[in-house]
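The values are calculated or read from the model by the stated rules, or taken from the named source; none is laboratory data. Bear in mind that the values here come from a model prediction, so they are computed numbers and not experimental data. Here Cβ is always computed from backbone atoms with ideal geometry, including for glycine, and neighbour counts include all displayed protein chains. We work out accessible area using only protein heavy atoms, side chains counted, and drop any ligands, DNA or RNA first. Shrake-Rupley method; radii C 1.70, N 1.55, O 1.52, S 1.80 Å.
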Amino acid sequence: MSGLQQNRQSGRLVSLNAQLRLSLYLNVMAGGATIEVNGLSKRYAGSKSYALNNLNIEVAQGEIYGFLGPNGAGKTTTIRLILGLIKPSSGHVKIFGLDSEAEKIAVHKRLAYVPAEAMLWPSLTGAETLHLLGRIHGQTDQKYLKVLMDRFQFEPNKKVRSYSKGNRQKVNLIAALASRAELLIMDEPTAGLDPIMERAFRESAQEAKDRGQTIFLSSHILSEVEALCDKLAILRGGRLVESGTLAQMRHLSAVTVEAVFEGEPPKLTGIAGVKNVVVNGHQLNCQIQGDISPLLTELAKAKPTTLLSREPSLEELFLSLYGKEK
């Protein structure tokens, strides 16, 4: 490549990054929704039941939105509908204020997608695949691409056919993150990755958020969602079970309280919301849902030597919400 060509290429990259930064800045300042899902339903031909039934969610610009549910809950169907890859039975999706089905090309120019299964070209090397994916998408931050390859310990000169599942997933992750797209839609992005690479993904996702990018994260790894997401939705059998911030959703489940006393633990009968009381010698364990103040007042009268309270983890919350549906 000649010096003139290099300068032109460098100029295009600078212009591209400037345009992207301006677009992200304007979107953040506008404070609107990146994804709007209204009354979205899907029933596949020949099926009597809905794969997705009347879903309503909104993903704000610049947030990481977790989308949870076991296999068959409707997560992948939702993502395909959001991307405009399949037609809904009813309802609609808007991305950046655009109809995701009717204005698919305009929408896809501004997002990047990481599928759960990496379907790549086996005869290409990792570097060739990243180059091709960048050309297909239309934009790649070359400097950040190198940072990501180092962070994910990616070996670009090997053929794709020689990669493990985790290394194939790295290709999709690196390509999507290096695009600096305004919206990243990720379906089980850390499938096949070891714990060290999961940490690399979390670091990269946080960097994307810090830049004002939006991430729609479908995952069954609850610790990942708990660590990253600003808001989340829980899906079951094609229906939305609950949505909101983790703090809001924690109020739906019980707080665990553990206390140790020098003498006999107090009786807790009559205190509203207290359940699952277990006394073992001088130790008392219980759970409380609702106002914790009356319980703490009663425990304080007995002068505990230790007193611990713990909010439910996302895993406990997830299981409690599913238990209500059984």
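Close Cβ contacts (under 6 Å, 6 or more residues apart or on different chains) running from residues in segment 193-213 that are hydroxyl-bearing (Ser, Thr, Tyr) to residues that are open to solvent by 80 Å² or more (accessible area, probe 1.4 Å) and in a helix (DSSP H, G or I) are absent.
Of the residues examined, residue 67 is one that is closer than 20 Å to residue 219 by Cα, in contact with a Phe, Trp or Tyr (Cβ under 7 Å, 6 or more places away or on another chain) and of a type in the set (Phe, Trp, Tyr). For segment 297-326, filtered to residues that are in a strand (DSSP E or B) and either modelled with pLDDT under 90 or touching a Gly at 6+ places or on another chain (Cβ under 8 Å) (or both), the residue that is nearest to residue 225 (Cα to Cα) is 310.
Conditions tested, residue by residue: (1) charged (D, E, K, R); (2) closer than 30 Å to residue 76 by Cα; (3) open to solvent by 30 Å² or more (accessible area, probe 1.4 Å); (4) touching a Ser or Thr at 6+ places or on another chain (Cβ under 6 Å).
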position: 225; (1), (2), (3), (4): no, yes, no, yes
position: 230; (1), (2), (3), (4): yes, yes, yes, no
position: 233; (1), (2), (3), (4): no, yes, no, yes
position: 241; (1), (2), (3), (4): no, yes, yes, no
position: 247; (1), (2), (3), (4): no, yes, yes, no
position: 258; (1), (2), (3), (4): yes, no, yes, no
position: 265; (1), (2), (3), (4): no, no, no, no
position: 275; (1), (2), (3), (4): yes, no, yes, no
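Number of residues in segment 246-278 that are under 13 Å from residue 318 (Cα atoms) and part of a loop (DSSP other than H, G, I, E, B): the value is 4.
Among the conditions (1) in contact with a Pro (Cβ under 9 Å, 6 or more places away or on another chain); (2) farther than 24 Å from residue 40 by Cα, the only one that residue 178 does not satisfy is (1).
Looking across segment 153-172, just one residue is small (Gly, Ala, Ser), within 18 Å of residue 115 (Cα to Cα) and part of a helix (DSSP H, G or I), and that is 166.
Here residue 294 clears all of (1) part of a helix (DSSP H, G or I); (2) touching a residue at least 40 places away in the same chain (Cβ under 8 Å) except the condition numbered (2).
Output yes when any residue across segment 194-210 is modelled with pLDDT of 90 or more, out of contact with any helix residue (DSSP H, G or I) (no Cβ under 6 Å at 6 or more places or on another chain) and in a loop (DSSP other than H, G, I, E, B), and no when none is. Within segment 194-210, one or more residues are modelled with pLDDT of 90 or more, out of contact with any helix residue (DSSP H, G or I) (no Cβ under 6 Å at 6 or more places or on another chain) and in a loop (DSSP other than H, G, I, E, B).
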